[in-house]
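Before I ask anything, here is the structure I am working with.
The values are calculated or read from the model by the stated rules, or taken from the named source; none is laboratory data. Quick caveat, the model's predicted, so the values are computed rather than measured. Ideal geometry is used to build each Cβ from the backbone, glycine not excepted, and the neighbour counts take in all protein chains shown. Side chains included, ligands, DNA and RNA excluded: accessible areas come from the protein's heavy atoms. Shrake-Rupley method; radii C 1.70, N 1.55, O 1.52, S 1.80 Å.
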Amino acid sequence: MRVTRRNALAIGSAAVAVGAMERRLPLLADEKPTDRKFKKAVKIGMVRPGDTLLEKFKLLKELGFDGVELDAPSKYSADEAKKCIAETGLKVPGVVDSVHWKQRLTDPKEDVRAEGLEALRAALKYCKEIGGTSVLLVPGQVMPEATYEQCWERSIAEIKKAIPQAEDLGVHILIENVWNDFLTDPKETARFIDACGSPIVGAHFDIGNAVRYSAPHEWIPILGARIKKLDIKDYKRPADASKLGDGFKAKLLEGDVDWPRCMAELKKIGYVGWGCAEIQGGDRVWLKDVATRMDKIFGS
């Protein structure tokens, strides 16, 4: 059946609830039943000190972080990343597809979509090599040349091509909610993930990004077990509606996210695991403050 935005919206919330019930929350490869807790990470681009990757890893370890997310394609080789992991004990829980905004899976040109797919495949392979368990993916963007319906159809078609590889590697493809005018509703996001047809596809839920559309804590029970990783950021609605981006300047715990309610909802669905800060970067003092604020969030 051809999926359109209209009939996607027409599917009842009961179907989403059934899908959530059918999907269990499996342990990721880097988790043990006896050590399930919230673990904090940052995106590598946030770490300004350090001339080498090893220096950045050592700093994060000293500051109490459990891991760091890298980009893929990356300027750091898999061998370099593995060396840093071995020397510091810091983990790389996942990587971010670094070309998904440029070589979009929703592009009208088949060759561009093919480039995007190959980048996703390369990211899956790189992630497996360095011991990660997920690739964060923005599936596309609604634009004049890519309507909502076309984004839905094109991106799912390309993701399905990568699913066999992801399943073989045991690396999740996780869809991030972003400001791309696509999947801005939790029920649609859940249906999209389910339409990909494999539990290897899940959600990398960005808590701060959701604020623009609806309260983040309302997304969590709907996405349920689909949530495999979290991005941790806050957002403060600006007084000037023409400057929406300014809302991301809010420090953690100083925006409009109701963190206690988010944590309560996460606990209800049984989520524990990685939360990765995705905010502006800074020096040692800044990163230490981020770590402290994340601890407060996870403890709320």
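Normalised by the number of residues in the stretch 141-300, what is the relative contact order in percent for Cα pairs under 8 Å and 6+ residues apart?
18
Taking 1 over the mean of 1/r across every pair of different Cα atoms in the stretch 176-287, what Kirkwood radius in Å do you get?
14.6
Moving to a separate point now. If DNA, RNA and ligands are ignored and the probe is 1.4 Å, what is the ranking of Leu59, Leu169 by accessible area, most exposed first?
Descending accessible area places them as Leu169, Leu59.
While we're here: Loop only per DSSP, at most 14 neighbouring Cβ atoms within 10 Å: give me the chymotrypsin sites (Phe, Trp or Tyr not before Pro) in the stretch 159-197, ordered by residue number.
Answer in residue order: Trp179.
Still on this structure, please answer the following. Through the Karplus equation 6.51 cos²θ - 1.76 cosθ + 1.60, θ set to phi - 60°, convert the phi angles of the stretch 140-148 into ³J(HN,Hα) values in whole Hz; use x for Gly and Pro.
x, 8, 6, 8, x, 8, 8, 5, 4
Further question on the same structure: Return the loop-located trypsin sites (Lys or Arg not before Pro) in the stretch 84-115 (DSSP other than H, G, I, E, B) with at most 12 other Cβ atoms within 10 Å of their own Cβ; answer none if there are none.
Of the trypsin sites (Lys or Arg not before Pro), the ones in loops of the stretch 84-115 whose Cβ has at most 12 other Cβ atoms within 10 Å are Lys102, Lys109.
Shifting gears a bit: Taking GluC sites (Glu not before Pro) as exposed when DSSP calls them loop (any state but H, G, I, E, B) and at most 16 other Cβ atoms lie within 10 Å, what is the longest stretch of the chain free of them, the sites themselves excluded?
Maximal segment without exposed cleavage sites: 1-144.
Right, here's the next one. P(r) for the stretch 209-271: what percent of alpha-carbon pairs falls in each 5 Å bin, starting at zero?
Result returned by the calculation: 4, 18, 27, 23, 14, 9, 4, 1.
Further question on the same structure: Cα-based Rg of the stretch 81-232 per 2.2 N^0.38 Å, rounded to two decimals?
1.02
Can you bin the chain into rounded, prolate or oblate? Criterion: square roots of the alpha carbon gyration tensor eigenvalues sorted a ≥ b ≥ c, rounded for a/c under 1.5, prolate for a/b above b/c, oblate for the rest.
rounded
I would also like to ask the following. What is the ratio of the Cα radius of gyration of the stretch 141-207 to 2.2 N^0.38 Å, with N the residue count, to two decimals?
For the stretch 141-207, the normalised Cα radius of gyration comes out at 1.10.
Write down the accessible area per residue of the chain in Å², having rolled a 1.4 Å probe over the full set of protein chains.
Ligands and nucleic acids excluded, the figure is 44 Å² per residue.
Just read off the accessible area of Lys58 with the full protein assembly in place, 1.4 Å probe, to the nearest 10 Å².
The value for Lys58 is about 100 Å².
At a 1.4 Å probe radius, which order do Arg191, Arg226 fall into by accessible area, largest first?
Arg191, Arg226
Next up: In units of 2.2 N^0.38 Å, what is the alpha-carbon radius of gyration of the stretch 247-300?
This ratio for the stretch 247-300 stands at 1.19.
Return the Rg/Rh value of the stretch 42-133, two decimal places, where both radii are evaluated on C-alpha atoms and Rh is the Kirkwood radius.
With Rg and the Kirkwood Rh in hand, the quotient comes to 1.05.
Next question, about the same structure. Once the whole set of protein chains is in place, how much accessible area is left on Ser74, using a 1.4 Å probe, in Å² to the nearest 10?
Ignoring ligands and nucleic acids, Ser74 comes out at about 40 Å².
If you find the alpha carbon centre of the stretch 178-202 and of the stretch 132-158, how far apart are they in angstrom?
Value for the Cα centre distance between the two parts: 10 Å.
Please list Asp185, Asp97 in order of solvent-accessible area, largest first, computed with a 1.4 Å probe with all protein chains present.
So, going from the largest accessible area down, we get Asp185, Asp97.
Over the chain, what is the relative contact order in percent, taking alpha-carbon pairs closer than 8 angstrom and at least six residues apart?
Relative CO of the chain lands at 20 percent.
Within 15 Å, Cβ to Cβ, of Val285, how many net charges do the neighbouring residues add up to if Lys/Arg are +1 and Asp/Glu are -1?
+2
Over the stretch 79-151, consider all pairs of different Cα atoms and compute the Kirkwood hydrodynamic radius from their mean reciprocal separation; express it in Å, one decimal.
Radius from the Kirkwood sum: 13.4 Å.
Taking only DSSP H segments of four or more residues, each worth -39500 (n - 2.57), what value at 222 nm results for the chain once the sum is divided by all its residues, to the nearest 500 deg cm²/dmol?
The per-residue figure over the chain is -13000 deg cm²/dmol.
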